[in-house]
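*Asks:* Could you have a look at this structure, given as structure tokens, before my questions?
No lab work stands behind these numbers, since they all come straight from the coordinates. Remember, predicted model here, so these are calculated numbers, not experimental data. Positions of Cβ are backbone-derived with ideal geometry, glycine not excepted, and every protein chain shown enters the neighbour counts.
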Amino acid sequence: MSMGFDKETFKKSVLFNMKNVFRKTVDEATKEQMYQAVAYAVKDVIIDEWIATHKEYEKQDVKTLYYLSMEFLMGRALGNSIISFMAQPDVKDVLEELGFDLNAIEDQEPDPALGNGGLGRLAACFLDSLATLGYPAYGCGIRYRYGMFKQKIENGYQVEIPDDWLKNGYPFEIRRAEYATEVKFGGYVKVVRENGRERFVQEGYQSVLAVPYDMPIIGYGNNVVNTLRIWDAQAINTFSLDSFDKGDYQKAVEQENLAKTIVEVLYPNDNHYAGKELRLKQQYFFISASVQRAVKKYMENHDDIHKFYEKNVFQLNDTHPTVAVPELMRILLDDYGLSWEEAWEITTRTCAYTNHTIMSEALEKWPIELFSRLLPRIYQIVEEINRRFQLKISQMYPGNQDKVRKMAIVYDGQVRMANLAIVGGFSVNGVARLHTEILKNQELKDFYEMMPEKFNNKTNGITQRRFLLHGNPLLSEWVTKKIGNDWITNLPHIHRLAVYADDPKCQQEFMDIKYQNKVRLARYIKEHNGIEVDPRSIFDVQVKRLHEYKRQLMNILHVMYLYNQLKDNPNLDMVPRTFIFGAKAAAGYRRAKLTIKLINSVAEVINNDRSIGGKIKVVFIEDYKVSNAEIIFAAADVSEQISTASKEASGTGNMKFMLNGALTLGTMDGANVEIVEEVGAENAFIFGLSSDEVIRYERDGGYDPMEIFNNNYEIRRVLMQLINGYYSPQDPELFRDIYNSLLNTMSSDRADTYFILKDLPSYGEAQKRIDQAYRDESWWAKAAILNVASSGKFTSDRTILEYVRDIWHLEKVNVEL
Ligand code: 26M
């Protein structure tokens with residue numbers, strides 16, 4: 001149907017690439033080689049569209065979005081690409097003719113994981129939607145040598161294994177040496193006078209060469225192929241043998257090392273700032289390269305730098321890329337000789353900032369000493385931005401030092417990146433309605449009062465192409481059979497499914513598909529964990545990064561409670577339940593890692609207790625990542641979205657579950673609020689404190705968990721099991737830290753900072769409602785279908801259209817072949 005795809009040509013291309021790359025015929029090839037040959041054949045299919053897309057952009061002189069992000073959690077490209085040029089059945093046939101299974105071939109691809117979690121995966125969904133909607137956009141990031149670590153579970157503990165995703169080469173990327181750019185670190189700034197004007201030059205610096213690699217981002221069925229550009233670092237000068245200067249030699253070695261270390265590894269932190277110098281180097285490295293390149297590209301086809309913002313917009317994915325503000329200023333001031341006012345006008349009309357968290361430990365604040373040593377010229381510019389901004393505060397709020405203290409960019413020996421991002425751009429957005437309201441009314445209140453026009457909300461979304469069409473082929477087909485395939489590019493149309501929600505035959509079909517997907521996940525679990533699970537049990541799933549505010553601990557405490565009930569009464573009337581967890585903990589996050597150990601210890605005891613008749617199973621899925629996520633969402637009955645209200649900015653897993661017909665068990669947090677609004681509270685299980693209540697408690701210094709401990713026998717029993725060796729007989733003290741975190745005020749934190757014990761009773765009641773509800777299969781099927789039917793709002797296509805309308809102002813482009 002689309003895009004110059006021809007079955008026979010494709011087959012020839014696979015054979016040709018097999019010969020050319022591996023010197024083999026197909027029947028000698030391994031699966032891995034077959035994957036590579038197919039991937040190269042896919043590249044052959046899209047390469048002309050890729051070229052044509054960029055020709056068209058140039059011809060129409062379009063405005064371009066640069067989505068600046070430290071993370072792009074892309075997931076596998078092969079299957080998604082084949083779907084995008086709508087040739088999946090044909091490719092499947094071709095591979096079968098050659099004696100291979102498409103799924104098995106897709107499984108050979110390393111899962112590119114240049115991101116941690118929500119923020120990185122959002123960037124990937126956005127790129128998919130931008131290409132599918134035909135908007136000119138680049139993703140700009142870092143080509144980490146090692147992505148997110150692979151997780152192994154050994155003796156119940158997380159072990160991190162390096163993710164050597166490039167070891168066999170990555171067939172989809174193209175090195176673009178012609179766009180290599182120098183990036184400078186350190187040294188000092190010299191002022192030179194030049195015809196009466198001051199010029200600033202950086203001297204005595206070290207530098208690296210940034211070399212871009214491009215990956216294609218294929219729009220769905222529209223011939224558009226955009227680009228994800230990720231930067232690699234190379235040493236700039238090789239040793240010059242005739243140089244006997246000891247200083248030069250030393251510097252050459254240092255620069256060689258700098259290049260190697262800078263892109264070595266993705267920091268595996270999620271919602272936590274650690275203040276590492278290398279992290280700031282990474283930030284400036286990819287930003288300087290991206291911004292330099294954007295300006296150069298613009299000046300190749302335009303002569304007036306003053307109008308830069310008319311053709312370019314930079315979206316900052318959290319504060320991580322915020323040095324884009326002073327970097328653009330530097331280029332305009334130092335390289336183009338503009339005045340401060342001119343440069344500031346251009347910069348603030350180009351940059352826009354997205355906030356993804358209100359967790360205070362995630363706020364980036366760099367010590368001046370470090371910042372100015374690494375980026376001396378950038379620091380000067382930041383100081384001047386700060387000086388002028390403080391002046392503005394004083395004019396608006398004369399004599400109000402409090403306002404200066406709260407909003408200053410440089411203060412208390414630190415550079416505050418969020419404040420810089422807010423001041424240096426024209427837009428500030430949160431990622432769900434509730435989150436944006438909390439930003440406006442609490443976290444960023446002073447900024448909102450000073451510049452309300454900048455603030456706006458953009459509720460997150462996800463791509464249905466990956467998370468339904470690719471991840472859940474059975475449900476996709478069913479939906480298409482019922483309502484046509486419009487939903488693939490227009491998700492709100494999926495609401496037409498609602499009329500089938502009451503139809504018993506449709507309910508049965510839906511439940512059959514869910515069952516088959518559960519069988520698929522059960523097989524995965526058996527293969528990867530060696531655990532036998534019953535696909536007729538309720539699949540109750542919590543998959544996301546491990547963090548205290550996400551409260552995996554509350555989930556497992558409830559499992560412990562249920563197990564106690566079952567031990568008291570083996571005949572307890574309950575629907576069998578499989579509790580499924582998947583989560584990576586930041587490598588240095590002790591308590592998170594201990595929580596993984598707790599989950600696995602509980603699993604060990606419960607899964608091996610024959611006396612409970614298999615009514616509960618607990619599974620921790622090793623190495624949760626995009627590729628197994630697709631399988632997990634498709635198989636879920638219950639979606640656990642149980643963060644402490646006000647803490648989860650949006651969540652996006654919640655949307656992926658909903659799209660696949662799982663019912664939400666959640667707090668009124670992040671985008672859960674909007675999910676419930678769409679599907680109706682009667683088709684979800686809502687519990688717990690509201691964000692207002694949490695915020696009120698926090699203001700009043702918390703609550704007293706001891707009161708719950710003393711008055712609630714069941715909770716007390718569960719907590720005692722944390723410290724009496726019930727789940728760790730060989731080391732009864734193992735979980736003491738978790739016990740303490742719930743009951744004891746620790747150095748800086750309140751006891752039970754995340755209101756786990758406070759919400760536990762209401763969580764337990766919601767779980768009981770689920771047990772009751774699941775017994776009525778027809779009710780459950782109806783609610784599940786209504787969840788799918790109501791998921792239309794949560795497509796990233798809608799999110800992107802809103803960004804375009806309110807912030808980016810891009811023009812759609814048609815690409816004809
Ligand atoms: C910071 C400093 C050093 C190293 C790493 C970081 C860092 C990395 C990732 C900090 C935060 C990071 O990600 C935060 C994140 O993923 N936030 C999530 O963003 C999603 C998309 O908007 C939301 O849906 C989630 O609610 C939010 O937690």
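*Asks:* Could you list ASP609, ASP335 in order of exposure, starting from the residue whose Cβ has the fewest other Cβ atoms within 10 Å?
*Replies:* Details: ASP609 15, ASP335 12.
Ranked by crowding around the Cβ, least crowded first: ASP335, ASP609.
*Asks:* Computed on alpha carbon atoms, what radius of gyration and Dmax characterise segment 33-135, expressed in Å?
*Replies:* 15.7, 47
*Asks:* Another one. List the residues whose amide H sits under 5 Å from the amide H of ILE142, counting only those 5 or more places along or on another chain, with H placed 1.01 Å from N in the peptide plane.
*Replies:* Amide H neighbours of ILE142, under 5 Å, 5+ apart: TRP231.
*Asks:* Can you tell me, using C-alpha contacts under 8 Å and at least 6 residues apart, the relative contact order of the chain as a whole percent?
*Replies:* Numbers: 1483 pairs, mean separation 112.8, N = 817.
Relative contact order here is 14 percent.
*Asks:* Apply 1/(1 + (r/R0)^6) to the Cβ-Cβ distance of ILE51 and GLU154, taking R0 = 41 Å, and write down the FRET efficiency to the nearest 0.05. Numbers along the way, then the final one.
*Replies:* Values: r = 48 Å, r/R0 = 1.17.
Once rounded, the FRET efficiency stands at 0.30.
*Asks:* Fewest Cβ neighbours within 10 Å first, please rank PHE620, PHE633, PHE22 accordingly.
*Replies:* By the 10 Å Cβ count, ascending, the order reads PHE22, PHE620, PHE633.
*Asks:* Of ILE51, ILE218, ILE556, ILE174, how do they rank once you tally other Cβ atoms within 10 Å and put the fewest first?
*Replies:* The fewest-first ordering by Cβ neighbours comes to ILE51, ILE174, ILE556, ILE218.
*Asks:* Using alpha carbons only, what's the Rg to Rh ratio of segment 400-514 with Rh from Kirkwood? Display every interim value, and only then the final one.
*Replies:* Working: Rg = 22.9 Å, Rh = 18.0 Å.
Here Rg/Rh amounts to 1.27.
*Asks:* Can you find, among SER639, ILE738, SER691, the residue sitting farthest towards the positive end of the charge dipole of segment 625-738, where Lys and Arg contribute +1 and Asp and Glu -1 at Cβ?
*Replies:* Final value for the positive-end residue is ILE738.
*Asks:* Right, another one. Rounded to a whole number of µm²/s, how large is the Stokes-Einstein D of the chain at 25 °C and 0.890 mPa s, given Rh as the Kirkwood radius over C-alpha pairs? Mind showing how you got there, number by number?
*Replies:* On the way: Rh = 28.2 Å.
It diffuses with D of about 87 µm²/s by this estimate.
*Asks:* So what's the back-of-envelope 222 nm ellipticity for the chain, counting only DSSP H runs of four-plus at -39500 (n - 2.57) apiece and dividing by all residues, rounded to 500? Kindly include the intermediate steps, with their values, before the conclusion.
*Replies:* Numbers: 31 runs with 375 residues, N = 817.
-14500 deg cm²/dmol, from helical runs alone.
*Asks:* Using θ = phi - 60° and the Karplus form 6.51 cos²θ - 1.76 cosθ + 1.60, what ³J(HN,Hα) does each residue of segment 173-190 get, whole Hz, x for Gly and Pro?
*Replies:* Whole-Hz 3J(HN,Hα) from phi for segment 173-190: 8, 10, 6, 10, 4, 5, 9, 4, 9, 8, 10, 10, 10, x, x, 9, 9, 9.
*Asks:* Any chance you could count the Lys pairs in segment 408-546 whose alpha carbons are under 17 Å apart, treating pairs 8 or more apart or on different chains as valid?
*Replies:* 9
*Asks:* What distance in nm lies between label points placed 7 Å from Cα along the C-beta direction at ASN712 and MET746?
*Replies:* Placing both labels 7 Å beyond Cα along the Cβ direction yields 2.0 nm.
*Asks:* Any chance you could get the radius of gyration and Dmax over the Cα atoms of segment 76-203, in Å?
*Replies:* Over segment 76-203's Cα set, Rg and Dmax evaluate to 22.3, 75 Å.
*Asks:* Continuing with this model, one more query. Taking H as built 1.01 Å from N, whose amide H comes closer than 5 Å to the amide H of THR227, not counting residues under 5 places away?
*Replies:* When sequence neighbours closer than 5 places are left aside, the close amide H contacts are ALA137, GLY139, ILE217.
*Asks:* Would you kindly derive the ³J(HN,Hα) couplings of segment 579-584 from the backbone phi angles with the Karplus curve 6.51 cos²θ - 1.76 cosθ + 1.60 (θ = phi - 60°), listing them in order in whole Hz, with x for Gly and Pro?
*Replies:* Taking θ as phi minus 60°, the curve returns 8, 10, 10, x, 5, 9 Hz for segment 579-584.
*Asks:* Can I ask one more? In whole angstrom, and with the biggest value first, how far do the Cα coordinates of segment 531-598 range along each principal axis?
*Replies:* Computed over segment 531-598, the largest-to-smallest principal extents equal 43, 25, 20 Å.
*Asks:* What percent does the relative contact order of segment 559-674 come to when contacts are Cα pairs within less than 8 Å and at least six residues apart? Present the calculation step by step, with values, prior to reporting the outcome.
*Replies:* Values: 140 pairs, mean separation 26.1, N = 116.
Once divided by the residue count of segment 559-674, the mean separation gives 22 percent.
*Asks:* What list of ³J(HN,Hα) couplings, whole Hz, do you get for segment 195-205 from phi and the Karplus terms 6.51, -1.76, 1.60, once you set θ to phi - 60° and write x for glycine and proline?
*Replies:* Going residue by residue, I get 5, x, 10, 7, 10, 10, 10, 8, 10, x, 8 Hz, with x marking Gly and Pro.
*Asks:* Next question, about the same structure. Quick check on segment 658-750: what does the Kirkwood estimate of hydrodynamic radius come out to from the alpha carbon pairs, in Å?
*Replies:* Details: mean 1/r = 0.0618 Å⁻¹.
Across segment 658-750, the inverse of the average 1/r is 16.2 Å.
*Asks:* What FRET efficiency comes out for the pair ASP573/ALA177, r = Cβ-Cβ distance, R0 = 45 Å, nearest 0.05? Mind showing how you got there, number by number?
*Replies:* On the way: r = 68 Å, r/R0 = 1.51.
Approximately 0.10, to the nearest 0.05.
*Asks:* What does the charge count near ASP232 come to, summing +1 for each Lys or Arg and -1 for each Asp or Glu among other residues with Cβ under 13 Å from its Cβ?
*Replies:* Numbers: positive: ARG143, ARG145, ARG175, ARG176, ARG229, LYS260; negative: GLU173, ASP214, GLU264.
Once all neighbours under 13 Å are counted, the net charge is +3.
*Asks:* Using only Cα positions of segment 700-817, each an equal point scatterer, no hydration layer, compute I(q)/I(0) via Debye at q = 0.17 Å⁻¹ and quote the log10 values to two decimals.
*Replies:* -0.93
*Asks:* Along the charge dipole of the chain, pointing to its positive end and built from +1/-1 on Cβ of Lys, Arg, Asp and Glu, which listed residue (ALA124, PHE794, VAL602) has its Cα farthest out?
*Replies:* Looking along the dipole axis, the top candidate is VAL602.
*Asks:* Working from the alpha-carbon coordinates of segment 218-335, get Rg over Rh, Rh being the Kirkwood radius. Could you put the intermediate results ahead of the total?
*Replies:* Numbers: Rg = 18.2 Å, Rh = 17.4 Å.
Here the Rg-to-Rh quotient is 1.05.
*Asks:* If every alpha-carbon in segment 581-706 counts as one equal scatterer, what log10 I(q)/I(0) does Debye give at q = 0.21 1/Å?
*Replies:* -1.28
*Asks:* How large is the Kirkwood hydrodynamic radius of segment 470-593, counting all unique pairs of alpha carbons, in Å? Present the calculation step by step, with values, prior to reporting the outcome.
*Replies:* Numbers: mean 1/r = 0.0565 Å⁻¹.
About 17.7 Å for segment 470-593.
*Asks:* Principal axis lengths of segment 267-359 from Cα atoms, whole Å, largest first?
*Replies:* The Cα atoms of segment 267-359 stretch 42, 24, 23 Å along the principal axes, largest first.
*Asks:* If you don't mind, there's one more thing I want to ask. Compute, for segment 522-671, the length of the dipole vector about the Cα centre, with Cβ point charges of +1 (Lys, Arg) and -1 (Asp, Glu) only. Units Debye, rounded to 20. The partial results should precede the final answer.
*Replies:* Numbers: 20 positive and 16 negative charges, 86 e Å.
The dipole of segment 522-671 has a size of about 420 debye.
*Asks:* Tell me the Kirkwood radius of segment 523-646: reciprocal of the mean inverse pair distance over distinct alpha-carbon atoms, in Å. Please report the intermediate quantities before stating the final value.
*Replies:* Details: mean 1/r = 0.0670 Å⁻¹.
Final number for the Kirkwood radius of segment 523-646 is 14.9 Å.
*Asks:* Using unit Cβ charges (K, R positive; D, E negative) and no other charged atoms, how large, in debye to the nearest 20, is the dipole of segment 628-773 about its Cα centre?
*Replies:* On the way: 11 positive and 24 negative charges, 60 e Å.
Roughly 300 debye for segment 628-773.
*Asks:* Name the residues whose placed amide hydrogens come within less than 5 Å of the amide hydrogen of PHE620, ignoring near sequence neighbours (fewer than 5 apart) on the same chain.
*Replies:* Amide H neighbours of PHE620: PHE581.
*Asks:* Another one. If you average the alpha carbon positions of segment 265-310 and of segment 764-814, how far apart do those two centres end up, in angstrom?
*Replies:* Going from one Cα centre to the other spans 34 Å.
*Asks:* Report D for segment 340-464 in µm² per second (integer): Stokes-Einstein, Kirkwood Rh on Cα pairs, 10 °C, 1.306 mPa s.
*Replies:* 103
*Asks:* Let's see if you can work this out: charge +1 on each Lys and Arg Cβ, -1 on each Asp and Glu Cβ, no other charges. What is the dipole magnitude of the chain about its Cα centre, in debye to the nearest 20? Walk me through the numbers before you get to the answer.
*Replies:* Values: 99 positive and 113 negative charges, 115 e Å.
Rounded to the nearest 20 debye, it is 560 debye.
*Asks:* To continue, here is another question. Just to check, using Stokes-Einstein with a Kirkwood Rh over alpha carbon pairs, what's the diffusion coefficient of segment 456-538 at 25 °C and 0.890 mPa s in µm²/s?
*Replies:* On the way: Rh = 14.7 Å.
In µm²/s, the coefficient is 167.
*Asks:* Name the shape class, rounded, prolate or oblate, that the alpha-carbon gyration tensor gives for segment 252-321, where a ≥ b ≥ c are the square roots of its eigenvalues, rounded holds for a/c under 1.5, and otherwise prolate holds if a/b is larger than b/c and oblate otherwise. Working shown, then result.
*Replies:* Working: a/c = 3.84, a/b = 1.63, b/c = 2.35.
Verdict is oblate for segment 252-321.
*Asks:* Same structure again: Over segment 1-85, one equal point on each Cα, no solvent: what is log10 I(q)/I(0) by the Debye formula at q = 0.24 Å⁻¹?
*Replies:* Normalising to I(0) and taking log10 leaves -1.17.
*Asks:* Please compute the net charge surrounding LEU743, taking Lys and Arg as +1 and Asp and Glu as -1 over other residues with Cβ under 13 Å from its Cβ.
*Replies:* Details: positive: ARG716, ARG736, ARG750, LYS758; negative: ASP704, GLU707, ASP737, ASP749, ASP752.
That works out to -1.
*Asks:* When all C-alpha to C-alpha distances in segment 18-58 are sorted into bins of 5 Å, what percent of pairs does each bin hold, rounded to whole numbers?
*Replies:* 6, 23, 22, 14, 11, 10, 8, 5, 1
*Asks:* In addition: What FRET efficiency comes out for the pair GLN380/GLN442, r = Cβ-Cβ distance, R0 = 30 Å, nearest 0.05? All intermediate terms of the calculation are to be shown ahead of the outcome.
*Replies:* Working: r = 33 Å, r/R0 = 1.10.
The computed FRET efficiency comes out at 0.35.
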